[in-house]
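Have a look at the structure below before the remarks.
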Amino acid sequence: MPELPEVEVTRLGFADRIAGALIQSVRVGKALRWALAIAPEALAGRTVLRVRRRGKYLLLDLDDGLLLMHLGMSGSLRFLDAAPAPGAHDHFDLVTTHGTLRLNDPRRFGAVVFAADEDAPLARKLLGRLGMEPLDAGFDPDAFHAGLRGRNAAIKQVLLAGDVVVGVGNIYASEALFLAGIRPTLKASRISRPRAMRLHAAVQDVLARAVRRGGSTLRDFADVDGQSGYFQLEASVYGRAGQPCRVCATTIRQIRQGQRTTYFCSNCQKY
Ligand SMILES: [Zn+2]
């Protein structure tokens with residue numbers, strides 16, 4: 001599943017190229033998770049001003065309205081100078097004067113949705129419950145700590161829930177908690193201020209590193225030019241059960257939390 005770093009890498013891959021482009025036509029293929037919510041031909045003649053990201057949504061600001069894009073479980077976007085005929089899994093084309101933005105999504109859990117603005121009911125439903133943006137300058141350590149204080153669930157679960165901070169998926173949660181020296185099962189409300197500060201820094205660090213390296217490593221990821229962004233993340237704990245901790249050589253353990261596997265070092269993550 002594309003995580004926040006892949007979505008951000010995707011955004012960086014075409015945002016500058018599509019900015020200022022005039023939409024010429026829109027092709028809609030098989031049904032995606034949600035309907036487009038506007039007649040495709042009504043988008044022709046509008047201009048793409050910029051591409052933002054909120055959580056795992058890409059927001060294409062138009063001169064009239066916006067398009068929300070989500071990659072779902074298996075979606076990927078490419079920006080093509082000259083688009084070939086669409087393949088079986090190419091379910092959306094935004095044809096512009098600068099190139100064609102094409103969504104490929106074999107499992108069709110992704111979506112492209114039009115909204116008049118971010119206050120429109122559907123946009124509010126999709127974006128309204130998202131937590132703070134971890135890669136924004138406005139990601140405030142004190143606000144992060146305050147968000148954790150109100151939650152009695154295990155810190156790993158609170159990170160995954162996305163309503164305190166967005167985009168910390170399963171890999172990044174395990175890695176950030178290791179960096180911060182925090183046991184994944186600790187109740188979020190019991191995390192001290194110094195540890196919350198360390199976790200805040202660790203979340204920024206793991207996500208920023210993943211963006212820099214072109215996305216996560218654990219699946220094949222094609223960026224907007226179709227080049228592989230696949231790389232080997234030097235995971236400290238994720239996927240390393242039974243292997244020695246890179247810091248202290250204690251055997252890395254795995255546990256189940258919710259429906260997800262968590263990896264940690266019982267020596268480096270005591271609290
Ligand atoms: Zn260790």
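The values are calculated or read from the model by the stated rules, or taken from the named source; none is laboratory data. Since the model is a prediction, treat every value here as computed from it, not as a measurement. For accessibility, only protein heavy atoms count, side chains too; no ligands or nucleic acids. Shrake-Rupley method; radii C 1.70, N 1.55, O 1.52, S 1.80 Å.
Taking amide hydrogens as placed 1.01 Å from N in the peptide plane, the amide H of residue 252 sits under 5 Å from those of 242, 243, 245, each at least 5 positions away in sequence or on another chain. GNM, the chain, Cα, under 10 Å: largest mean-square fluctuation among 40, 244, 84? In this elastic network of the chain, the residue with the biggest mean-square fluctuation among 40, 244, 84 is 84. Over every Cα atom in the chain, the radius of gyration and the widest Cα-Cα span, Dmax, amount to 19.9, 61 Å. For a straight C-alpha distance cut-off of 13 angstrom, the aspartates and glutamates reachable from residue 125 (same-chain residues fewer than eight places away being disregarded) are 117.
Solvent exposure of residue 8, expressed as accessible area, is near 20 Å², computed with a probe of 1.4 Å over the protein chains only.
Within a straight-line Cα-Cα reach of under 12 Å, residue 156 can be paired with the following aspartates and glutamates, leaving aside sequence neighbours fewer than 8 residues apart in one chain: 175. Shown in residue order for segment 236-250 are the 3J(HN,Hα) couplings computed by the Karplus curve 6.51 cos²θ - 1.76 cosθ + 1.60 at θ = phi - 60°: 7, 10, 4, x, 10, 3, x, 9, x, 4, 6, 9, 10, 6, 5 Hz (x for Gly and Pro). Residues in segment 59-199 average 40 Å² of solvent-accessible surface per residue, probe 1.4 Å, ligands and nucleic acids excluded.
Here the sum of -39500 (n - 2.57) over DSSP H runs of 4 or more residues, divided by the residues of the chain, equals -8000 deg cm²/dmol at 222 nm, to the nearest 500.
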